[in-house]
1. What spacing in nm lies between the two simple spin-label points modelled at K22 and T298, each 7 Å away from Cα in the Cβ direction?
2. Under 20 Å Cα to Cα from K136, which lysines show up? Leave out anything in the same chain fewer than 8 places away.
3. Can you send over the solvent-accessible area of H110, 1.4 Å probe, protein chains only, in Å² to the nearest 10?
4. So, with a 1.4 angstrom probe, what is the percent of accessible area on segment 177-253 that is carbon and sulfur?
5. Per 10 Å bin, what percent of the C-alpha pairs of segment 115-256 does each bin hold, from zero upward?
6. Need one word for segment 1-143: rounded, prolate or oblate. Basis is the Cα gyration tensor (sqrt eigenvalues a ≥ b ≥ c); a/c below 1.5 gives rounded, then a/b vs b/c decides.
7. Could you tally the net charge around L109, taking each other residue with its Cβ under 9 Å from the Cβ of L109, Lys/Arg +1 and Asp/Glu -1?
8. Of the lysine pairs in segment 215-284, how many meet both conditions: Cα atoms under 24 Å apart, and a spacing of 8 or more in sequence or different chains?
Amino acid sequence: MALEFARVTEAAALAAARWVGKGDKETADDAAVTAMRVMFDTVSVDGIVVIGEGEMDEAPMLYIGEKVGIGIPPQVDIAVDPLEGTNLVAKGLNGAIAVLAIAPRGTLLHAPDMYMDKIAAGPECKGRIHLDATVKENLWEVARSLDKLISEVTVVILDRPRHQGIVEEIRRAGARIKLISDGDISPAVAAAYPDSGVDLLIGIGGAPEGVITAAAMKCMGGDFQARLCPEDQNEVNRCHEMGITNLNKIFTIDELVKSEDVIFAATGITDSFLIKGVRYYKRRAVTQTLVMRSLSGTIRNIEADHHLDRKPMFKDKRLKSIME
Ligand code: VTB
């Protein structure tokens with residue numbers, strides 16, 4: 001199973017990697033989505049996309065509600081982000097990944113496409129950080145849990161005007177900051193990885209990305225908490241339709257991913273905190289993929305060397321028309 005899902009994110013990464021630095025985020029995304037969709041046709045699951053490329057009328061592939069896989073059990077929910085960081089690929093910047101999470105049917109939160117306030121840290125910090133604590137309190141807890149000085153703690157945060165206040169608080173507390181232009185899944189997961197150089201992720205990013213992050217954190221035993229941030233009445237209504245009446249509700253990992261069994265797979269497109277990006281040589285390409293399963297706690301780091309001229313996916317009509 002793990003290998004099958006690794007092949008799906010590898011496909012998306014290999015397709016998107018051709019567009020690194022080309023300034024064309026739409027085609028890069030198209031390539032990743034199509035490659036992932038093509039590869040899902042070979043996977044032995046009966047899957048439904050619960051987090052994907054949008055509603056059925058706005059996305060031709062991997063839309064919410066689309067059935068994927070060859071249609072045999074297990075019945076699963078699938079959350080995908082074939083190209084997490086479209087701008088990163090367009091500009092050739094670090095941090096772009098192809099990623100998915102898979103869990104038994106009905107167990108992944110159908111997160112609406114809106115903002116989400118998040119905090120993520122590694123297993124040592126579990127139960128010690130809190131979304132509603134002050135930045136300073138959380139930094140103290142992380143430093144104490146990791147046996148570091150606050151000045152040795154590294155926080156990753158999306159570089160956005162909305163985070164100016166938090167950035168000032170982190171600086172005042174004396175911790176280190178890495179501002180990123182996009183892609184908050186990989187640094188959140190990296191926070192649970194020893195020696196990744198990331199200790200804490202905080203700030204507001206996308207809710208769909210939050211569910212995928214929770215899947216990874218469940219596998220790694222890290223901590224993750226989140227709160228939906230509806231911006232207008234329409235988004236408030238969407239929360240109500242989901243049965244969320246208390247908009248201050250903090251979601252735990254177990255509420256975002258209800259099953260004890262979840263699989264997370266991510267392949268690097270460009271280099272990131274977690275994994276290396278696609279590297280080419282002699283008509284071949286090397287990918288690095290992280291595949292994890294919460295039940296067993298196994299973390300697989302799969303390096304694959306692909307022969308680009310022999311890959312059936314590049315011969316598929318749907319992908320060929322984009323890649324040529
Ligand atoms: C967030 C973040 C994603 O896009 O959704 C962000 O979670 C969009 O935020 O990882 P803005 O509206 O502030 O641009 C990503 O960074 C993916 O590109």
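The values are calculated or read from the model by the stated rules, or taken from the named source; none is laboratory data. Being a predicted model, the structure only gives us computed values, none of them experimental. All Cβ positions, even for glycine, are placed from backbone atoms using ideal geometry, and neighbour counts span all protein chains on display. Side chains included, ligands, DNA and RNA excluded: accessible areas come from the protein's heavy atoms. Shrake-Rupley method; radii C 1.70, N 1.55, O 1.52, S 1.80 Å.
1. 3.6
2. Within the straight-line cut-off, K136 pairs with K118, K126, K148, K178.
3. 100
4. Working: 1270 of 2750 Å².
Its accessible area is 46 percent carbon and sulfur atoms.
5. 12, 45, 33, 9, 1
6. Because a/c hits 1.5 or more and a/b fails to exceed b/c, segment 1-143 counts as oblate.
7. So the environment of L109 carries a net charge of 0.
8. Total qualifying Lys-Lys pairs in segment 215-284 comes to 4.
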